[in-house]
Amino acid sequence: MEAKKVTAEAKVLLDPAASEWGQVAAETISMGGTPVAQQPSRYIRTSWSDRPIGNVRSLTVRSAHNSKEVFFLLEWSDPTKNDGYVGRDFPDGAGILFPLKGDAPLQSMGRQSQAVNAWFWRADFEDGAKNVTASGIGTVEETEKSAVAARGQWQDGTWRVVFARPLAVAEQKEQAVQLEAGQSVKVAFAIWEGSSGERAGIKSFSKTWRELTLEG
Amino acid sequence: MVISKEDLMKSERQAAMVFDLNKCIGCQTCSVACKVLWTREDGMDYQWWCTVNTQPGRGAPKDWEQMGGGYRDGVPNPGIIPTREECGGGWDFNYDEVFYGGKGRSVHLHPIGEAPTWGPNWDEDQGGGEYPNSFFFYLPRLCNHCTRPVCVEACPRNAMYKRNEDGVVLRDETRCRGYRFCLEACPYKKIYFNYAKKISQHCIFCFPRIEKGVAPACARQCPGRLVFVGFLDDVDGPIHKLVREWEVAIPLHPEYGTGPNVFYIPPLAPYRLNEDGSIDETTPRIPTEYLEKLFGPRVNKALDTLKAEMAKTKNGGKSDLMNMLIVYHWHELFGPFTKDPAELTWK
């Protein structure tokens, strides 16, 4: 996939309904549930052994950059808007994952020597998205600061969420993926459907790394 | 470093409590003592780490015994998350209107907003049975600080653990992400979600108090003086004697498989009355099957021992067990935790 070079500013592209997004080609990504055998606790493996994981099976992604910031627009169908902890439900969420080092494995969210960086948006976050790192399942840690902005909008059964971040984050060399125009990086996506009890490792994900090229 | 659940669950010693249900008057002082001390912050308004419910009853949260969790044949058993509505409570009342609005005589105190449908002691004093053989008793409940805590087992982030020195089950709130797997897994439904902090929380056995030799608030404040606190391995302490030697203190729902460390002296009840008003000495008013359902089959032996020891004293004899349960000296309840919190300096 390609992050198209555009001229629009962040304040424009952060609006999921901005007409500028119409100029950016969409790619549809097939999603699947995370394997139950890989869930990090015996309780979770047992209690989800006969429950379907990964409610959202298709994700539409658009990506762009304006030489300063990179943007992703994620769209998926979800008939239930969950933006808080109501009853037994969880807030809906979305994540974008990058390897921080070489061949970090996707399914295990990295490993000890090969960390990954995720941008995590959740429908109940007041503002923006978290920047997290992980080096294996169950090791997700939020970094103190996050340079990731995000804005979500739910309308007529569809979530549209924009992530935005400066291409480079100089003060987070070890904690945030560093991007530049003309470069290619691996990227993966995850979606949580809160009314199906999806949270933590219970989610749908894009199963393999995709190659994302930032147009030079 | 890989941390195993076994490591997180083990402890060298185990602190425990015994509640003598024959003395509990359902006054809720334990509930309030805990509430005032620990759950007054935002997001905790509906949390009651200690609750007292009338049995038989649907309890708190509503119908918690039907919510699953625990272990079955050693395997974690799926459970459901109790909702805020099922817990109830945390209501705001029209205090301003009644007390300061000049309407004290025309308006009565009521919760603001939607009418509540359940609360922490919603079915208080309803009980069971039919007059003249109706019956009820009170059951105080808190986190059982289990020997095999399935909440610890459930957490995907290893945020929960048993403290090595006393087996108290704690949570590292900086690791907790509010995924609520622990709420699902706990069969006693004694973990609460904090809606402000978006993490889960539960009874901490007043660990900052016990570290200073002070008994937990629920135990120390109990006007009925019915809560014993101590270490299970302290062979001279009442906990060991009641649980291990006399075997009159037994856990609630042992079949849940988590090995609770809160124990109960089961309730004795008056005999049934026949229709002609005579006493039926062969039938207890609280049905045995009901007590077995709550405390397992060991409840029968416990009740038999209690009855036999009571009979001994009635006949002029001496019973160490009865003396222990009478608690002639208040401090005998608290094992190594007899310090007065008012005499300590708290940081």
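No value in this document is a laboratory result; all are computed from the given coordinates. A quick note: this is a predicted structure, and the numbers were derived from the prediction, not measured. Backbone-built Cβ (ideal geometry, glycine too); neighbour counts: all protein chains shown.
With contacts taken as Cα pairs under 8 Å and at least 6 residues apart, the range A:30-102 reaches a relative contact order of 20 percent. Taking the fewest neighbouring Cβ atoms within 10 Å as the starting point, the ordered list for B:176, B:186 is B:176, B:186. Paramagnetic label reach from residue A:158 (point 7 Å along Cα→Cβ; backbone nitrogen cut-off under 17 Å): within the range A:54-78, residues A:56-63, A:72-78. Think of it this way: in chain B, B:24, B:27, B:87, B:146, B:155, B:176, B:186, B:206, B:222 stand alone, with no other Cys Cβ under 4.7 Å.
In order along the range B:136-142, the phi-based Karplus estimate (6.51 cos²θ - 1.76 cosθ + 1.60, θ = phi - 60°) of 3J(HN,Hα) comes to 6, 8, 9, 10, x, 9, 8 Hz; Gly and Pro are listed as x.
Normalised by the number of residues in chain B, the mean separation of alpha-carbon contacts (under 8 Å, six or more apart) gives a relative contact order of 23 percent. How would you classify the range A:2-214 from its alpha-carbon gyration tensor, with a ≥ b ≥ c the square roots of the eigenvalues: rounded for a/c under 1.5, else prolate if a/b is greater than b/c, otherwise oblate? In terms of gyration-tensor shape, oblate.
Straightening the chain between residue B:255 and residue B:10 buys 86.1 nm, computed as 0.36 nm per residue apart minus the Cα-Cα spacing.
In loop segments of the range B:102-156 as defined by DSSP, the GluC sites (Glu not before Pro) with at most 10 further C-beta atoms inside 10 Å of their C-beta are B:114, B:130.
Counting neighbouring Cβ atoms within 10 Å and putting the fewest first, the residues A:174, A:126, A:141 line up as A:126, A:174, A:141.
Taking the range B:208-233 and a reference point 7 angstrom along Cα→Cβ of residue B:342, the backbone N atoms nearer than 15 Å belong to B:220-222. Just report the Cα centroid separation between the range A:16-35 and the range B:214-266, whole Å. Comparing the Cα centres of the range A:16-35 and the range B:214-266, I get a distance of 58 Å. Only Lys, Arg, Asp and Glu carry charge here, each on its Cβ (+1 for the first two, -1 for the last two); on that basis the range A:2-214 has a dipole of about 520 debye about its Cα centre. Across the protein assembly as shown, Cα-Cα pairs more than 47 Å apart make up 26 percent of the total. A Förster radius of 45 Å combined with the Cβ-Cβ distance from residue A:126 to residue B:25 puts the calculated FRET efficiency at roughly 0.45. Here the relative contact order of the range A:2-214, from alpha carbon pairs under 8 Å that lie six or more residues apart, stands at 26 percent. The phi torsions of the range B:215-221, fed into the Karplus equation with coefficients 6.51, -1.76 and 1.60 and a -60° offset, translate into couplings of 5, x, 4, 4, 6, 5, 7 Hz, rounded to whole numbers, with Gly and Pro shown as x.
Using θ = phi - 60° in the Karplus curve 6.51 cos²θ - 1.76 cosθ + 1.60, the 3J(HN,Hα) couplings for the range B:174-191 round to 7, 8, 5, 10, x, 6, 6, 5, 5, 5, 5, 6, 5, x, 8, 6, 10, 10 Hz; x is entered for Gly and Pro. Counting every other Cβ atom within 10 Å of each residue's Cβ, B:234, A:89 order from fewest to most as B:234, A:89.
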